[in-house]
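Q: The structure's right below; bear with me while I get my questions together.
Derivation of every value follows stated rules applied to the coordinates shown; laboratory data play no part. Predicted model, so just to flag it, every value in this text is computed and none were measured. Here the Cβ is made from the backbone with ideal geometry for all residues, glycine too, and neighbour counts use every protein chain on show.
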Amino acid sequence: MLHIRNLTKRYGRFTALSDVSFSIRPGEVLGLIGPNGSGKTTLFECLGGVLPLDTGSLTREGRPLSARERASMLFYLPDAIVPWPAQPVRWTIDFTLGFFGGRAYLRDEVVERFELRPLLDVAMGNLSKGQRKRALLAIGVLMPQPLLLADEPFDGLDLRQTRDVAQALRSYAWAGRTIVLSIHQIRDAARVCDRFVLLSGGRGRGEGTLKELSAMAAARGGGASTDLEEVFLALT
């Protein structure tokens, strides 16, 4: 679906991302895994067009994406934003649906899946962190772009909510949506993702399924493991 090659982003003398390469496959949930400060948000901002690349490319079928193609293909959902804080959840969902030409036929289903019915008349600025996260993820799922980038989708959610949101995201991937999640909690990533991109110190440290990454770790002398945390530590 999309190939990222040798993506590099610098801030003066500081290199936030260095030659990061990976691929995104149609209909998968891909986890971008790394600790805080590893470059995950910077990578998402580069992919979403918020930040310009210093070097590197985004290509589809061997051809670079234009800015217009990227806007029609990717929807980037940042972490910790509060859009239209004075407006209720209902208005925010309906406005973004109309503005972006979203998937209105899914509206009621998504509201139920993300448990937003009791919150529809609550102002976005009055939501708790977890409630706001669920509202924003619902909006992301409803957008028309085939690829959703969600930064820290489980931040602010309790264990049950994390499980339910993960199941909802998986169901939309099974229905054909492609989802890329930036996650620093590795156990959350293991619960929902098909494949993983490991990021540490601004560099890509591995890409693949858990089985493939485990084999990579074993080949480097780290020992075979089916625990994503152990595999991450072995490769980073």
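Q: With the calculation restricted to Cα positions, what are the radius of gyration and Dmax of the chain in angstrom?
A: When restricted to Cα atoms, the chain yields Rg and Dmax of 17.8, 55 Å.
Q: Here's something else I'd like to know. All other residues with a Cβ under 13 Å from the Cβ of Pro146 taken together, and with Lys, Arg as +1 and Asp, Glu as -1, what is their net charge? All intermediate terms of the calculation are to be shown ahead of the outcome.
A: Working: positive: Arg25, Arg60, Arg70, Arg103, Arg177; negative: Glu28, Glu69.
Neighbourhood net charge equals +3.
Q: Still on this model: Which one of Ser182, Leu58, Val165 is farthest out on the positive end of the charge dipole of the chain, using unit charges on Cβ (Lys, Arg +1; Asp, Glu -1) and the Cα centre as origin?
A: Leu58
Q: So which trypsin sites (Lys or Arg not before Pro) in the stretch 93-154 pass both tests, a DSSP loop state and at most 16 other Cβ atoms within 10 Å of the Cβ? The partial results should precede the final answer.
A: Values: sites: Arg103, Arg107, Arg113, Lys129, Arg132, Lys133, Arg134; in loops: Arg103.
Answer by residue number: Arg103.
Q: Then there is this: In deg cm²/dmol, rounded to 500, what helix-only [θ] at 222 nm does the chain give when every DSSP H run of at least 4 residues adds -39500 (n - 2.57) and the total is split over its residues? Don't skip to the answer; put the middle values down first.
A: Numbers: 9 runs with 89 residues, N = 236.
Calculated at 222 nm, the ellipticity per residue is -11000 deg cm²/dmol.
Q: Right, here's the next one. Would you mind checking which residues have amide H under 5 Å from Thr55's amide H? H placed 1.01 Å from N; only 5 or more apart, or other chain.
A: Counting only residues 5 or more places away or on other chains, the set is Thr8.
Q: Can I ask one more? Determine the relative contact order of the chain: mean sequence separation of Cα pairs under 8 Å and six or more apart, normalised by residue count, in whole percent. Before the final figure, lay out the partial values.
A: Values: 430 pairs, mean separation 63.0, N = 236.
Across the chain, relative contact order equals 27 percent.
Q: Going by the alpha-carbon gyration tensor, a ≥ b ≥ c the square roots of its eigenvalues, is the stretch 3-139 rounded (a/c under 1.5) or, if a/c is not under 1.5, prolate (a/b greater than b/c) versus oblate?
A: Working: a/c = 2.33, a/b = 1.74, b/c = 1.34.
Prolate, because a/c is 1.5 or more and a/b exceeds b/c.
Q: Compare the Cα positions of Gly49, Gly130, Ile81 along the charge dipole of the chain (+1 at Cβ of Lys, Arg; -1 at Cβ of Asp, Glu; about the Cα centre) and return the one farthest towards the positive end.
A: In the chain, that residue is Gly49.
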